[in-house]
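Worksheet for the structure shown next.
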Amino acid sequence: MNKTSFEKFGKYLREVSVVVIGVAITLSVSYWLTGRNDKRDTALYLSAIKLELEENKKIFDHTNQSVIQPGLKYANYLKTHDKKSLNLDSLKLYYPQTAYEASPITFKTNAFDMFKTSGNMRLVSDKELLLSIWDTYSLLVEIKGVFDYFSDIKLEEMKKYFTTYGQIPSDKDVLNHPPLYDVYVDMPISFIQSRSYESAVPSLEKTISMLEQAK
């Protein structure tokens, strides 16, 4: 190889080296930015899930106060009295909030659904946190199924009751035929709903706390 050829080859190597180094730097910056964006997006998803679970807990707390607890009181009153000893004022106190409500429940899942389809779940290193999130949302799905099932039963019984006694039953009909008497006496609707609430709240609080610590 003569001097001229050697110089050309050296120039070629330098040019190739510049290109390779440039590509390497570009790729490194790209990977760094991608990793940074992935971490940011994952943090946003987890934050959204935390807010969603907090909202779901509020929904469940409200349902407990407005539906489950009044239902328990109504069921306990009916079960601890035979029909002859029922009091009209007591029935009126309990049944408007319970017998006249089908009490379905709807939890929010949009944040979790988006997280599942985003691909960012694989980036969460805390597998215990992931498992807790999955378990909590699965529990909410099961609870919704329970509430929907009982809601359908109550709705059908209410239709029968109103068909028989009218949309505004007389005091005599209410006293002699308490709304949804058989449902509340023979089926443990309110008890099962109450147990669902008691089992779900600790799971919600635990997952919310773990998400708070994951920030």
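The values are calculated or read from the model by the stated rules, or taken from the named source; none is laboratory data. What you are looking at is a predicted structure, and each value in this text was computed from that prediction instead of being measured. Reconstructed Cβ throughout: ideal geometry from the backbone, glycine too, with neighbour counts over all protein chains shown. To get the accessible areas, we keep the full protein, side chains included, count just its heavy atoms, and leave off ligands, DNA and RNA. Shrake-Rupley method; radii C 1.70, N 1.55, O 1.52, S 1.80 Å.
Side notes on the structure shown:
- In the stretch 168-187, the residues that are open to solvent by 40 Å² or more (accessible area, probe 1.4 Å) and in a loop (DSSP other than H, G, I, E, B): Ile168, Ser170, His177, Met187
- Qualifying residue in the stretch 85-108 (condition: charged (D, E, K, R), without any contact (Cβ under 8 Å) to a residue 40 or more places away in the chain and more than 22 Å from Leu44 (Cβ to Cβ)): yes
- Condition met for Lys160 (open to solvent by 70 Å² or more (accessible area, probe 1.4 Å) and in contact with an Asp or Glu (Cβ under 7 Å, 6 or more places away or on another chain)): no
- Evaluation of Ser190 against (1) in contact with a Gly (Cβ under 6 Å, 6 or more places away or on another chain); (2) outside any helix (DSSP H, G or I) (one fails), failing number: (2)
- Qualifying positions in the stretch 188-215 - touching a residue at least 40 places away in the same chain (Cβ under 8 Å), open to solvent by 70 Å² or more (accessible area, probe 1.4 Å) and under 27 Å from Val146 (Cβ atoms): Phe191, Glu205, Lys206
- For the stretch 103-133, a residue qualifies if it is of a type in the set (D, E, K, R), open to solvent by 70 Å² or more (accessible area, probe 1.4 Å) and assigned to a helix (DSSP H, G or I), and the qualifying residues are Lys116, Arg122, Lys127, Glu128.
To keep it simple, each residue is scored yes or no on (1) part of a helix (DSSP H, G or I); (2) within 18 Å of Asp182 (Cα to Cα); (3) open to solvent by 40 Å² or more (accessible area, probe 1.4 Å).
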position: Ser47; (1), (2), (3): yes, no, yes
position: Leu51; (1), (2), (3): yes, no, yes
position: Lys57; (1), (2), (3): yes, no, yes
position: Ser66; (1), (2), (3): yes, no, no
position: Lys73; (1), (2), (3): yes, yes, yes
position: Leu78; (1), (2), (3): yes, yes, no
position: Leu93; (1), (2), (3): yes, no, yes
